[in-house]
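Report on one structure; see the data block that follows.
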Amino acid sequence: MDSIILALAILPVILLALYIYHKDKYEKEPFRMLVFAFLLGIFSIPLDILLVGFINNIWVGETVFYEAFWEAGIPEELCKWTLFILFIWPKKDFNEFFDGIVYAAFIGLGFACVENIMYVFDNESFGAALVTGVMRALLSVPGHFLFAVIMGYFLGMAKFQPDLRSKYLILSILCPIVAHGLFDYLLMLAEALSENNMELIAVGLYVIFIYLDIKMWKIGVKQIAKMQERSRVEHNNEIFRKIFKSK
């Protein structure tokens with residue numbers, strides 16, 4: 001049974017990793033760098049735990065907003081962003097627009113993989129673990145992936161548009177924090193309302209959540225397409241430069 005639950009926890013991570021790897025068409029990232037980025041995502045979890053502990057020591061909140069933003073969205077995205085800036089940004093392999101999305105996605109999936117395993121095994125019965133695994137495969141893991149796509153999009157823009165670097169660096173951390181915090185906030189608030197016999201409002205929030213989740217997917221796919229096009233143009237320009245240089 002444990003092997004089934006483990007497979008369920010890991011499968012969505014593998015599928016999304018293969019998806020974004022397939023989208024990197026013009027200059028595939030080295031396998032060692034993808035593994036490195038994935039490991040950075042795993043390492044961001046203990047950093048997140050330390051940061052959340054620090055936040056709770058200076059300010060303990062008891063609201064859904066506090067839990068969604070100050071215990072999830074802000075510390076998780078900040079840890080992933082910081083590790084990207086420290087260890088991916090300086091690498092020579094980060095050499096085209098789309099790379100920002102690829103590396104951010106693998107960091108996000110590293111985080112999501114361990115978090116998913118922790119959640120599915122934190123159930124007393126196989127049935128409960130199965131339900132948790134399916135729900136997280138449909139919502140939480142893709143959520144981390146999409147937050148990473150948003151982050152990576154702006155990091156790619158920051159890297160290769162130095163005149164607007166400050167603007168894009170701010171957006172690269174602010175936008176995923178807002179997306180992540182709002183994602184968790186709507187789910188947590190709907191669950192809290194449902195438990196307090198306010199099912200009708202809870203259903204309304206679930207509908208809003210589904211709408212925004214679909215919207216976020218559209219934004220993520222659009223950003224992937226934009227960065228693919230930028231990378232294609234840069235790739236073609238590099239080919240032309242080499243041709244003319246050889247002449």
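Estimated at 0.36 nm per residue, the fully extended path between residue 91 and residue 217 surpasses their Cα-Cα distance by 42.5 nm. Each peptide in 113-119, 18-24 receives the mean, over its residues, of other Cβ atoms within 10 Å, and ordering these scores from highest gives 113-119, 18-24. Binning the C-alpha pair distances of the range 13-129 at 10 Å intervals from 0 yields a P(r) profile of 13, 38, 31, 16, 3 %, listed from the shortest bin outward.
In terms of packing, defined here as the mean over residues of other Cβ atoms within 10 angstrom, the peptides 222-234, 120-132 line up highest first as 222-234, 120-132. Rounded to whole numbers, the Karplus 3J(HN,Hα) couplings from phi for the range 20-36 are 6, 5, 5, 6, 7, 8, 9, 8, 4, 6, x, 4, 4, 6, 5, 5, 4 Hz, using 6.51 cos²θ - 1.76 cosθ + 1.60 with θ = phi - 60°, and x at Gly and Pro. When the listed pairs 91/222; 28/218; 23/218; 80/167; 25/215; 91/218 are checked against a 22 Å cut-off, the alpha-carbon distance exceeds it for 91/222; 28/218; 25/215; 91/218. Per-residue 3J(HN,Hα) values for the range 54-63, derived from phi via the Karplus relation 6.51 cos²θ - 1.76 cosθ + 1.60 with θ = phi - 60°, read 5, 4, 5, 6, 9, 7, 9, x, 10, 9 Hz in sequence order (x marks Gly and Pro). What ranking of 160, 106 emerges when the number of other C-beta atoms within 10 Å of each C-beta is taken as an exposure proxy, fewest first? Exposure proxy ranking, most exposed first: 160, 106. The charge dipole of the chain, taken about the Cα centre with unit charges on the Cβ atoms of Lys, Arg (+1) and Asp, Glu (-1), comes to about 1840 debye, rounded to the nearest 20.
Computed per residue of the chain from DSSP H runs no shorter than four, each worth -39500 (n - 2.57), the mean residue ellipticity at 222 nm is -28500 deg cm²/dmol. Subtracting the Cα-Cα distance of residue 28 and residue 210 from their residue separation scaled by 0.36 nm leaves 62.2 nm.
With contacts taken as Cα pairs under 8 Å and at least 6 residues apart, the chain reaches a relative contact order of 27 percent. Among 50-60, 70-80, the peptide with the highest mean count of other Cβ atoms within 10 Å heads the list, and the full ranking is 70-80, 50-60. Across the range 2-246 the C-alpha pair distances fall into 5 Å bins from zero in the proportions 1, 6, 13, 17, 19, 17, 12, 7, 4, 2, 1, 1, 0, 0, 0 percent.
Every read-out reported here was derived from the displayed coordinates using simple, explicitly stated rules and does not represent laboratory data. Every value quoted in this text rests on a predicted model; they were computed, and no experiment measured them. FYI the Cβ positions are ideal-geometry reconstructions off the backbone, even for glycines, and counts take in every protein chain you see.
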